[in-house]
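This report refers to the structure that appears directly beneath it.
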Amino acid sequence: MNHFYYRNNLPKNLYVWHRMKKKYFLFLLSFFVITTIIKAAPGDTTKIIAFDKLSMNHYGNFDTWVKFPSANKKYQRVWMKYTIGCESNGQCEWDYTNTLYVREHTKKNDSTLMQAPSFKVNGKVQDSFNFSAKVTFVNVFNTSSKLTDSIPSNSILISKYSDVSRPLVLTDTIRVYPVNYYRYMFDTTGVKIDSFLVPIEQTIKLVNTPYYNVFEVVNNYELGRMITPYAKFFPKTFQYEYAFDVTDLITQLHDSVEIRMMYSGYSWGFVANVKFEFVEGTPTREAYRVDRIYEGYLAYGNANNPIEKYLVPKTFTTDSLTQSVKLRLTITGHGAENNENCSEFCAKKTYVKLNDSLIAQQLVWKPCGFNPMIAQGGTWVYDRSNWCPGEQVKVYEYELNYQNGNNTIDVDFEPFVANGSAGYQVNAQIVYFKDFASQNDVSLEKIKSPTNNYWYSNINPECGNGLVTIKNFGAIALNSVDIYFQVGSNTPQKRTWYGLLPIGKDTDVVLYNINFAGATGNKTFKAWVDNPNGQKDGNDLNDMKTASFNIPAQLPNTFTIEMTTNKVPTDNRVVIKNLWGQVMFEKQYTIASKLQKDTINLGYGCYTLELTDASGDGLSFFANSAGSGSFRLMKFLPNYSLIKNFNADFGSKIVYNFTAGAPLSIEETTAMDFELYPNPVSKTLHIDMSVDKGLMKDFSIYTIQGQLIKKFSSSDASLDFDVADFEAGLYLVSVSSDEGNVSRKFLKH
């Protein structure tokens, strides 16, 4: 069940209606809240909209007040979904930092000692000012009369602040005139022949009055950070959604709260939607407090203003509720000084110290060439300091082995001397948790393949193996878990993962040899986890994910690879592997700027083609001097024609999964059909035909690599085939007759 809330701001055209219908509205709102509480159940989601089609039309902050659920309500997970797009006439062409904050209004005041000037000249403060109370004049040459004319000078406004008890209150304004300049005399040809000085009549000198600027203390807690893409050449209709897990900051997301989006861009046109999703249920461990440790943009490598001046050891204190503590650290590097292009393009380490002991070191760096958002308008392929254009920024998380009471946390950067401007945007938060809800709790976090989720489009569609992410939410390390997976209504498959997954960490798991039989068009893939450490899972609500996926392309058994190399051919390598990782074709290119063709012969099965570029800039990139190349696949027979042409601006790698000789479903539309069972099989495979007995059919059994195992003919409508001596693996049964040809896969245990 989904529950929807909206930000407090009422559109102006609804304000009058709001006042007229206030009592009726409050009644409906009360009814809505009551029914929401009654109907809410574990797993239900409450959705709250913060920004709706926000136009980021200037540099700086965009603020809105949002009504969140009560602090008394418990949620197992809170997500912030951020969608970015572009206005129809927007520029949207540069990589800008977007940061979202929740703002804690403490209702406590602080003050800053300020100096109020006693006067301003045309709105600006000056130490002293000379003027005349009477109109002064300037001389000009009159080209018509050939004489010297005089015209009044422009007046100047002096604003006075003379009340020292109220130094910011304007007490008087006067119009005065400039002095201390020369008036020139001209002859009949316009040549200056004489001058005299306009004298100073009066002088006013600045007096500053000290006062305290009182303001409310507002603490900003960073929720998430992303970098806009180089989207100048993207269709203006593009939209990308980013999902931030903000469960750790739930203590700040309740009741009426201000949300801020800080946009660092100077060109306009990006549009943003931000919504929050609160998932009902018991939290895996309840966050009850969060402290800000570091926040801000800090200069790096500046001898006069070192970064360690700000990254000093900070004290945090645990209490009787504390059962675990986490450090959340978000760092991105910016600037382009002259020594190493720091901090955007230099890889530097940070060191995390707890109570003066080093507990972690982190290279602040991220490869960008395998970004699914390829062919951006700028330098998208360049690796950067923990960010890539068009992606959300990774949060480094550390479980802290704290001591009761006071502790110190410190983050240091490796020493560096900059030659120019360099810096890091640093955010660090300490999150305090109560006890874990369960000893053993594992979550199925993501399905990375098979899926049509855009963020994994660079490894999809898939035809052989799956990839999922699991995360340990239990109180102890995870050593094993059963992972089940299923395509459509096929028989579920199972894989048991073994390893060591610490508290709060996640890992990717490969699901080998998925049974895709019967998958055509747009299908669903489901995966779920069970039996963490051989025990009952403490939370069933985070165990399962479902993804829709598209089937990969079907290529003929024989096709041609066409590669036109650029000026650096040794950067490029093509490899084709089968389902089991066996290399079926491999080529390292050596000849520059040349069209090269290779004919590929493959058996029935699922394959992965990878084209890699060692420099990470593809076959064509505007910012290098390597020239342009191309890469495509061609049908060999019966006519030489295009199968697929790949974008040359692909970054570091192309991954292309495909089937050869038959589609993923191993089905064709014919008058003939058959079933294989059991599948998977250990001893006897039963083949049941749907055609009349008496029709002669040719049966062929192949390995997934295309090796023929057995071939025979039969007119029986059903028969059994002994596979007990077959090695474990995937095989193909092909049946042909005058009615057509059909092929299906089976798995031998």
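Odds and ends about this structure:
Yes/no matrix, rows are residues, columns are (1) farther than 30 Å from N539 by Cα; (2) touching a residue at least 12 places away in the same chain (Cβ under 8 Å); (3) in contact with a Ser or Thr (Cβ under 6 Å, 6 or more places away or on another chain):
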position	(1), (2), (3)
I49	no, yes, no
D63	yes, yes, no
K81	no, yes, no
C86	yes, yes, no
E104	yes, yes, no
K108	yes, yes, no
A116	yes, yes, yes
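- I293 being of a type in the set (A, V, I, L, M, F, W, C), more than 30 Å from K348 (Cα to Cα) and not in a loop (DSSP other than H, G, I, E, B): no
- Of all residues in region 581-620, those that are within 24 Å of F636 (Cβ to Cβ) and not β-branched (V, I, T) total 23.
- Residues of region 131-162 classified as part of a loop (DSSP other than H, G, I, E, B), within 25 Å of M114 (Cβ to Cβ) and out of contact with any Asp or Glu (no Cβ under 8 Å at 6 or more places or on another chain), total: 1
- Candidates in region 491-520 are the residues that are in a strand (DSSP E or B) and of a type in the set (A, V, I, L, M); of these, the one that is nearest to L747 (Cα to Cα) is L511.
- Among (1) within 20 Å of E222 (Cα to Cα); (2) surrounded by fewer than 20 Cβ atoms within 10 Å (Cβ to Cβ); (3) touching a Pro at 6+ places or on another chain (Cβ under 6 Å), the one test that V125 misses: (1)
- Checking L113 against (1) assigned by TED's automatic domain parsing to the domain that holds L253; (2) farther than 20 Å from M373 by Cβ, the condition it does not meet: (1)
- Within region 1-110, strands (runs of 3 or more DSSP E) holding 2 or more residues that are modelled with pLDDT of 50 or more, in the same structural domain as W268 (by TED's automatic domain parsing) and more than 23 Å from D248 (Cβ to Cβ): 45-56, 60-67, 75-86
- First in region 371-399 and among the aromatic types (F, W, Y), second anywhere and assigned to a loop (DSSP other than H, G, I, E, B) and surrounded by 23 or more Cβ atoms within 10 Å (Cβ to Cβ), Cβ under 6 Å, 6 or more apart: W380/P389; W387/V393
- Hey, A375 out of contact with any strand residue (DSSP E or B) (no Cβ under 7 Å at 6 or more places or on another chain) and on the phi > 0 side of the Ramachandran plot or not: yes
- The set of residues in region 296-315 that are outside any loop (DSSP other than H, G, I, E, B) and either surrounded by fewer than 18 Cβ atoms within 10 Å (Cβ to Cβ) or acidic (D, E) (or both) comprises G296, Y297, E308, K309, K314, T315.
- Region 155-189, subset without any contact (Cβ under 8 Å) to a residue 24 or more places away in the chain and among the basic types (K, R), residue surrounded by the most Cβ atoms within 10 Å (Cβ to Cβ): R166
- Of residues in region 640-654 being charged (D, E, K, R) and part of a strand (DSSP E or B), the one surrounded by the fewest Cβ atoms within 10 Å (Cβ to Cβ): K644
The values are calculated or read from the model by the stated rules, or taken from the named source; none is laboratory data. The shown structure was predicted, so the numbers you read here are calculated from the model rather than taken from an experiment. Quick reminder, even Gly has a Cβ in these numbers, built from the backbone with ideal geometry, and neighbours come from all protein chains shown.
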